[in-house]
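What follows is a set of notes on a single structure, which appears directly below.
Just so it is clear, none of the values below were taken in a lab; they were calculated from the coordinates. Not measured: the values here are computed from a predicted model. As a convention, Cβ positions derive from the backbone with ideal geometry for all residues, glycine included, and neighbour counts pool all protein chains shown.
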Amino acid sequence: MAIQYPSALYYPILISRESYPVPADQESATNIGFVDKICAVLKSPLLEKFSEELQRLTDRNHVVKEWAENLAVKEKCSLCFLFK
């Protein structure tokens with residue numbers, strides 16, 4: 001399924017992989033190894049960039065704060081207090 005439909009599996013695997021536990025036993029280590037193999041099949045620079053941009057859309061406040069902080073550093077002004 002990962003080979004035939006990589007785009008359909010990429011984002012769900014990416015999101016759920018963050019919550020996987022650290023392997024405590026052999027069965028968990030085997031499962032993590034299986035997930036790692038799936039992720040290797042799904043690896044795509046284009047999908048990685050797309051996921052990053054989706055994340056930026058969900059974290060709009062952080063993006064605006066970073067932009068203001070960068071502007072403040074470049075312009076040597078104190079706009080950062082507006083976003084704290």
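Computed over neighbours whose Cβ is under 12 Å from that of Leu9, the net charge equals +2, Lys and Arg +1, Asp and Glu -1.
Relative to the current alpha-carbon distance between Ala2 and Ser51, full extension at 0.36 nm per residue lengthens the span by 15.9 nm.
Placing a pseudo-label 7 Å from each Cα along the Cα-to-Cβ vector at Thr58 and Ala24 gives an inter-label distance of 2.7 nm.
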